[in-house]
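These notes concern the structure reproduced below.
The values are calculated or read from the model by the stated rules, or taken from the named source; none is laboratory data. Nothing here was measured: the structure is a model prediction, and the numbers come from that model. When we count neighbours, we look across all protein chains shown, and the Cβ atoms used for this are built from the backbone with ideal geometry, even at glycine. When the accessible area is computed, the model is the full protein with side chains, heavy atoms only, and any ligands, DNA or RNA have been set aside. Shrake-Rupley method; radii C 1.70, N 1.55, O 1.52, S 1.80 Å.
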Amino acid sequence: MPRSTQRDKTVEVNGTAYAWPRRPLAVVCIDGGDPAYLQRYLAEGAIPNIARFMREGFATVADGTVPSFTCPNNMSIITGTPASRHGISGNFYLDVRTGNAVVMTGPELLRGDTILSRFAAAGAKVASITAKDKLRKQLAKGLDVSRGNVSFSSEFAHRATLEENGIENVLDFVGMAQPDMYSMELSLFVLEAGIRLLEGRDRPDLLYLSLTDWVQHKYAPHEPEAKRFYQELDRRFGRLAELGADVALTADHGMNDKSDAQGRPNVIWLQDILDEALGKGETRVICPITDAFVAHHGALGGFVRVWCQGKTTPKQVMKSIYGLPGVEAVLDKQTACRVHDLPEDREADVVVIAAADTCVGASRAAHDLSGLEGHRLRTHGGVSEARVPFILSAPLNDAYRLKAGAATPRSYQIFDFALNGLGES
Ligand SMILES: [Zn+2]
């Protein structure tokens, strides 16, 4: 079908109707893209394309999903739903039947459809590109890559096959070398790939480009490496727009410095505290930030889950935590699920959320902080890192201007705003 007749078509996903893209739409998730970075570089005039989007299009600071981790927020964005609906409430959860910590990156754990797969099924051409491969399978849930749709990661760009990814020879196609896991190129590769696809003859209708937060974990806004990264991002955002795409920018979470004046991380070693107070084996603390590549944050975040084992009750656990310096909230399961819109069947007995300058770990012995290499600890997970940029390169129509004015947008509404809010209502 030619695009002009497609324009009247809507695609329903998880109860929301999405208009067909009026032109290619590139949604970018700037992993760890705390608003503080943009604020600083906007003031310095260092990111002219983002500045233009904000001036000519729409910009606000949106509420992301809590816990402010990568997997839950990426899944919220591509399903258009809160974690209570899509089920991915962390990077890890405890399977109480087996007692094992389960990584939550499997597509079978994701509930509902993705906007990407539903549009592809309706005949749109879709590209889903991520920096870290851990996200790729979930992002591609239900996406048929045999029909011109593509799904790959820059981490495994060198291994992409037509069968698995819908594209091969990615390094040649993008014109970049295989990027290192710990480099800003891992993210830039994602954007370059999107640009190549838009430069081609058979352009995608929808692109989801998900970056990685290595730079923001390592560098604060005032450090030159971070500024250079944002300038590189900005140039590529400008190129996406120049190629005729609507560009929508958001983030999965922000980032805060969690070290003291001497540069030592402010950590609450919660498992050690609970073992001391309630006895060893009575509780199990799970840090849902953990993934296989943790050198830059030592698996420390601002949100942890505590499961009761033995005879300890949630009340006793909560009593042992109340009043600890650096703790912002201690919630029982029901309250955590209600306040933060989380799925009860994957929630712990107790949720602990740290203040902006503090993080929570399990036991001191279980965390390897050697990867910080003298850097201050910067990480995320709490409510204080759940405020994220929400920027569209074109102005909102009247209906969506009203909607944005009536309530702070949620970052999982970015596809809604970008597909239904641009052009005529
Ligand atoms: Zn992230």
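Structure summary
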{"item": "Filter result for residue 382 (more than 16 Å from the ligand (Cβ to nearest atom), open to solvent by less than 40 Å² (accessible area, probe 1.4 Å), farther than 20 Å from residue 261 by Cβ and touching a Gly at 6+ places or on another chain (Cβ under 9 Å))", "result": "no"}
{"item": "Where residue 65 falls short, out of the listed (1) within 16 Å of the ligand (Cβ to nearest atom); (2) over 22 Å from residue 339 (Cα atoms)", "result": "(2)"}
{"item": "Exclusive hit being more than 16 Å from the ligand (Cβ to nearest atom), modelled with pLDDT of 95 or more, under 27 Å from residue 182 (Cβ atoms) and not charged (D, E, K, R), set 17, 36, 46", "result": "46"}
{"item": "Which listed residue is of a type in the set (A, V, I, L, M), open to solvent by 30 Å² or more (accessible area, probe 1.4 Å), touching a Ser or Thr at 6+ places or on another chain (Cβ under 7 Å) and not in a loop (DSSP other than H, G, I, E, B), from 36, 17", "result": "17"}
{"item": "Residue that is nearest to the ligand (Cβ to nearest atom) [pool: residues in the range 252-271 that are open to solvent by 20 Å² or more (accessible area, probe 1.4 Å) and among the aliphatic types (A, V, I, L, M)]", "result": "267"}
{"item": "Count - residues of the range 319-328 that are buried (at least 17 other Cβ atoms within 10 Å of the Cβ) and out of contact with any helix residue (DSSP H, G or I) (no Cβ under 7 Å at 6 or more places or on another chain)", "result": "1"}
{"item": "Which numbered condition residue 375 misses (of (1) open to solvent by 10 Å² or more (accessible area, probe 1.4 Å); (2) over 28 Å from residue 281 (Cβ atoms); (3) out of contact with any Lys or Arg (no Cβ under 7 Å at 6 or more places or on another chain))", "result": "(3)"}
{"item": "Filter result (farther than 20 Å from residue 287 by Cα, touching a residue at least 60 places away in the same chain (Cβ under 8 Å) and among the small types (Gly, Ala, Ser)) within the range 91-119", "result": "112"}
{"item": "Residue check, residue 202 in a loop (DSSP other than H, G, I, E, B) and at pLDDT 95 or above", "result": "no"}
{"item": "Subset tally (residues that are more than 16 Å from the ligand (Cβ to nearest atom) and of a type in the set (Phe, Trp, Tyr)) for the range 170-215", "result": "2"}
{"item": "Any hit, the range 158-173, residues being at negative phi, modelled with pLDDT under 95 and not in a loop (DSSP other than H, G, I, E, B)", "result": "no"}
{"item": "Residues (within 16 Å of the ligand (Cβ to nearest atom) and part of a helix (DSSP H, G or I)) located in the range 216-227", "result": "216, 217, 218, 226"}
{"item": "Conditions (1) of a type in the set (Gly, Ala, Ser); (2) in contact with a strand residue (DSSP E or B) (Cβ under 6 Å, 6 or more places away or on another chain); (3) outside any loop (DSSP other than H, G, I, E, B); (4) touching a residue at least 60 places away in the same chain (Cβ under 8 Å); number of the one not met by residue 124", "result": "(3)"}
{"item": "Whichever residue in the range 68-101 is part of a loop (DSSP other than H, G, I, E, B) and away from the ligand (no atom under 16 Å from the Cβ) and, among such residues, is most open to solvent (accessible area, probe 1.4 Å)", "result": "97"}
{"item": "Condition check for residue 55: under 23 Å from residue 184 (Cα atoms), more than 16 Å from the ligand (Cβ to nearest atom), at pLDDT 95 or above and in a helix (DSSP H, G or I)", "result": "no"}
{"item": "Cross-chain or 6+ apart pairs with Cβ under 6 Å, the range 140-162 first and closer than 20 Å to residue 212 by Cβ, then of a type in the set (Lys, Arg)", "result": "153/136; 155/132"}
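Rundown of residues vs (1) at pLDDT below 95; (2) touching a strand residue (DSSP E or B) at 6+ places or on another chain (Cβ under 9 Å); (3) among the acidic types (Asp, Glu), yes/no style:
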| position | (1), (2), (3) |
| --- | --- |
| 317 | no, yes, no |
| 327 | no, yes, no |
| 330 | no, yes, no |
| 343 | no, no, no |
| 349 | no, yes, yes |
| 356 | no, yes, no |
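Table: residues versus (1) away from the ligand (no atom under 16 Å from the Cβ); (2) modelled with pLDDT under 95.
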residue: 229; (1), (2): no, no
residue: 235; (1), (2): yes, no
residue: 242; (1), (2): yes, no
residue: 245; (1), (2): yes, no
residue: 249; (1), (2): no, no
residue: 273; (1), (2): yes, no
residue: 290; (1), (2): no, yes
residue: 308; (1), (2): yes, no
